[in-house]
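Structure record follows, encoded as structure tokens.
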Amino acid sequence: NAGVTQTPKFRILKIGQSMTLQCTQDMNHNYMYWYRQDPGMGLKLIYYSVGAGITDKGEVPNGYNVSRSTTEDFPLRLELAAPSQTSVYFCASSYTGARNTEAFFGQGTRLTVV
Amino acid sequence: AQSVAQPEDQVNVAEGNPLTVKCTYSVSGNPYLFWYVQYPNRGLQFLLKYITGDNLVKGSYGFEAEFNKSQTSFHLKKPSALVSDSALYFCAVSGGNNAGNMLTFGGGTRLMVKP
């Protein structure tokens, strides 16, 4: 059972570079989420999607973009990387909204911007 | 806006003793409350949730949590701690008026269980 798969696991970016964090789930979940986790700060929601073709901003969307062309995939794009984007990024999915059912998380992507 | 507070950065417990990890919340409407656990270099794993019904909720690995509406709290408990329970614990809330059913997480509490 793959669940939620994130790639890459680790990445170092230079300031101003761009990259895409990949996320795919094989549970046919409608809802998908991107969070970032900073030390002692818990998780902050970046973007979420309630279904293919529908995305919306979370708490901290600046500097990021997302798309949801299929149910399975929810990539997160960083266009101009900044040191403030150094964090651990988690993708999650749930069948219905995360308040009704448990959310399943990927193992995370540790990103360092230098 | 919804928010969660976990007042303790770290909780230290001896193995075999009961443990409590505290959580208070603020939300409009009825709260949907969750506990997740994170082991090193892993994603979060669901432990338990409160949506409605009995105020005492039982979850995975012997954990339980008590919903207290008057104190807006949802403390995580376990009668007898194990060393393997050592991890980072997150409380989360989602309010009723929330189109994306978004979860708001607390800052996390590190549980250290010593032999």
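The values are calculated or read from the model by the stated rules, or taken from the named source; none is laboratory data. Small disclaimer: the values here were computed from a predicted structure and weren't measured. As a convention, Cβ positions derive from the backbone with ideal geometry for all residues, glycine included, and neighbour counts pool all protein chains shown.
Here are the numbers for this structure:
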item	result
Any hit, region A:100-108, residues being of a type in the set (A, V, I, L, M), within 8 Å of another protein chain (Cβ to nearest Cβ), loosely packed, with under 15 Cβ neighbours inside 10 Å and not in a strand (DSSP E or B)	no
Tally, over region A:40-72, of residues that are on the phi < 0 side of the Ramachandran plot, buried (at least 16 other Cβ atoms within 10 Å of the Cβ) and not in a loop (DSSP other than H, G, I, E, B)	11
Identity of the residue in region B:13-59, among the basic types (Lys, Arg) and not in a strand (DSSP E or B), that ends up modelled with the highest pLDDT	B:LYS22
Filtered residues of region B:44-61 (kept if at the interface with another protein chain (Cβ under 10 Å from one of its Cβ atoms) and over 18 Å from B:ASP85 (Cβ atoms))	B:LYS49, B:ILE51
Those residues of region A:60-95 which are touching a strand residue (DSSP E or B) at 6+ places or on another chain (Cβ under 6 Å), over 20 Å from A:LYS9 (Cα atoms) and touching a residue at least 60 places away in the same chain (Cβ under 8 Å), in sequence order	A:SER94
Within region B:1-25, considering residues that are more than 13 Å from the chain's Cα centre (by Cα) and closer than 22 Å to A:TYR33 by Cα, the one surrounded by the most Cβ atoms within 10 Å (Cβ to Cβ)	B:GLN2
Residues of region A:5-45 that turn out to be at pLDDT 95 or above and among the aliphatic types (A, V, I, L, M), as a count	5
